[in-house]
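In what follows, a single structure is set out as structure tokens and then discussed.
The values are calculated or read from the model by the stated rules, or taken from the named source; none is laboratory data. None of these values were measured; they are calculated from a predicted model. In this analysis, Cβ positions are derived from the backbone assuming ideal geometry, glycine residues included, and neighbour counts consider all displayed protein chains. Side chains included, ligands, DNA and RNA excluded: accessible areas come from the protein's heavy atoms. Shrake-Rupley method; radii C 1.70, N 1.55, O 1.52, S 1.80 Å.
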Amino acid sequence: MKKLRAAITAVHGYVPDYVLTNEELATMVDTNDEWIRTRTGVSERRILKGEDQGSSVMGAEAVKGLCEKRGISTDEIDMILCATATPDMLFPATANIIADKVGARNAFGYDVLAACSGFLYALVTASKYVESGSHKKVVVVGADKMSSIVDYTDRATCILFGDGAGAVLLEPTENDTGIIDSVLKSDGVGRHHLYQKAGGSAFPANQETVAAKEHFIHQDGKTVFKFAVKNMADVSFEVMERNNLSGDDIDWLVPHQANKRIIDATASRMNLDPKKVMLNIQRYGNTTTATIPLCLWEWETKLKKDSKLMLAAFGGGFTWGAVYLKWSYNT
Ligand code: UT7
């Protein structure tokens with residue numbers, strides 16, 4: 001029997017309606033459109049408004065759209081993995097909440113927490129279930145409501161992040177498409193440079209943690225930038241070398257959208273034509289686990305069967321990785 005591969009057979013995304021522009025941010029903190037665009041590449045980002053609206057709201061929309069596109073009932077899903085750094089609550093898992101919202105009654109699922117690399121971690125984990133033959137319709141969703149943990153008085157972080165969700169369906173295939181190779185890495189030494197300190201078991205919520213703003217993202221931007229530039233480029237290059245690929249062989253780089261300068265450095269290390277880089281940071285900012293599936297969703301019509309894609313990410317933890325796959329369908 002031929003080896004089973006896990007192929008993406010559908011992709012869908014969801015972003016909330018509210019557009020938070022650089023101009024509006026400049027009325028909230030001491031910043032300006034020019035600084036934000038030139039230092040990060042972001043012009044605007046989406047924000048999920050309303051009471052009781054967590055990441056699952058966006059994740060469920062992405063999953064519903066995914067099933068409609070593929071023409072399957074949500075009952076047919078056998079597993080949902082949700083990558084998120086902003087779960088609706090610490091438990092139960094947002095994957096469970098999404099399954100309930102979309103009516104995926106036959107799916108088991110859990111959350112994957114690897115910050116901005118979460119989608120790649122979840123994608124690779126899900127692919128192993130599909131390759132083993134144990135699961136046939138596995139949904140991987142990345143959903144983050146970053147606005148729920150952003151301090152809108154901190155100009156160094158509030159300009160970067162936005163809200164959104166994206167989802168892919170993985171199914172087994174015996175042809176040569178699907179996920180071919182991946183390298184995932186982590187190093188907990190980076191945990192002090194990008195984190196949300198309080199609200200977990202080490203620093204439970206109390207009046208002091210709230211007063212000290214410890215429920216918001218804290219980022220040492222310069223240090224994270226240095227690690228991100230090196231590691232995202234290195235790991236993409238490593239996966240290329242392992243698969244004897246040159247920049248010319250890759251059709252698309254699908255990078256995590258944290259900062260346009262990090263993306264440019266990765267493309268340059270891969271010796272890749274900038275036209276082959278998916279870039280939507282200008283419209284959505286950094287949506288953490290949603291950046292990569294949102295890119296795939298927006299570029300879907302340009303992708304062809306056998307297109308060679310390199311997915312790459314870097315984030316809190318530190319966590320990072322790259323996934324090489326061949327696209328499995330024509331739209
Ligand atoms: O997705 C997870 C991984 N995260 C990342 O990959 C993010 C990595 N880090 C970055 O993208 C960048 O470090 C930032 C965009 C966060 C910051 O850019 P930077 O070029 O590293 O700026 P900086 O922190 O070195 O600050 C340069 C200057 C400072 O002023 P002084 O000290 O030179 O007078 C900052 O106070 O820019 C100032 N500054 C701002 N000015 C206007 C910082 N934020 C702003 C702002 N508007 N929003």
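Looking at the range 1-30 only, could you name the residues that are assigned to a loop (DSSP other than H, G, I, E, B), open to solvent by less than 20 Å² (accessible area, probe 1.4 Å) and either within 16 Å of the ligand (Cβ to nearest atom) or outside the structural domain of Thr86 (by TED's automatic domain parsing) (or both)? Hit for the range 1-30 is Val29, nothing else. Note on the range 238-331: enclosed helices (runs of 4 or more DSSP H) holding 3 or more residues that are open to solvent by 20 Å² or more (accessible area, probe 1.4 Å) are 260-269, 291-299.
Residues in the range 211-238 that are farther than 15 Å from Asp154 by Cβ, of a type in the set (S, T, N, Q) and either near the ligand (Cβ under 9 Å from one of its atoms) or assigned by TED's automatic domain parsing to the domain that holds Asp151 (or both): Thr223 only. Among the residues making up the range 31-62, those that are away from the ligand (no atom under 16 Å from the Cβ) and β-branched (Val, Ile, Thr) are Ile47, Val57.
Could you tell me which of the residues Trp252, Trp320 is of a type in the set (Phe, Trp, Tyr), in contact (Cβ under 8 Å) with a residue 12 or more places away in the chain, within 15 Å of the ligand (Cβ to nearest atom) and touching a Lys or Arg at 6+ places or on another chain (Cβ under 7 Å)? Of the residues listed, the single one that is of a type in the set (Phe, Trp, Tyr), in contact (Cβ under 8 Å) with a residue 12 or more places away in the chain, within 15 Å of the ligand (Cβ to nearest atom) and touching a Lys or Arg at 6+ places or on another chain (Cβ under 7 Å) is Trp320. When the residues of the range 110-137 are filtered to those that are away from the ligand (no atom under 14 Å from the Cβ) and in contact with a Phe, Trp or Tyr (Cβ under 6 Å, 6 or more places away or on another chain), the one that is nearest to His215 (Cα to Cα) is Val112. Residue check: Glu208 meets all listed conditions (1) away from the ligand (no atom under 14 Å from the Cβ); (2) in contact (Cβ under 8 Å) with a residue 24 or more places away in the chain; (3) of a type in the set (Asp, Glu); (4) open to solvent by 50 Å² or more (accessible area, probe 1.4 Å) but one, namely (2).
Restricting to the range 258-282, and then to whatever is touching a residue at least 60 places away in the same chain (Cβ under 8 Å) and within 11 Å of the ligand (Cβ to nearest atom), can you tell me which residue is nearest to Ala233 (Cα to Cα)? This residue is Ile263. Among the residues of the range 47-66, those that are open to solvent by 20 Å² or more (accessible area, probe 1.4 Å) and assigned to a loop (DSSP other than H, G, I, E, B) comprise Lys49, Gly50, Glu51, Asp52, Gln53. Test Gly190 against the stated conditions and say whether it is of a type outside the set (Val, Ile, Thr), open to solvent by less than 10 Å² (accessible area, probe 1.4 Å) and not in a strand (DSSP E or B). Yes, satisfied.
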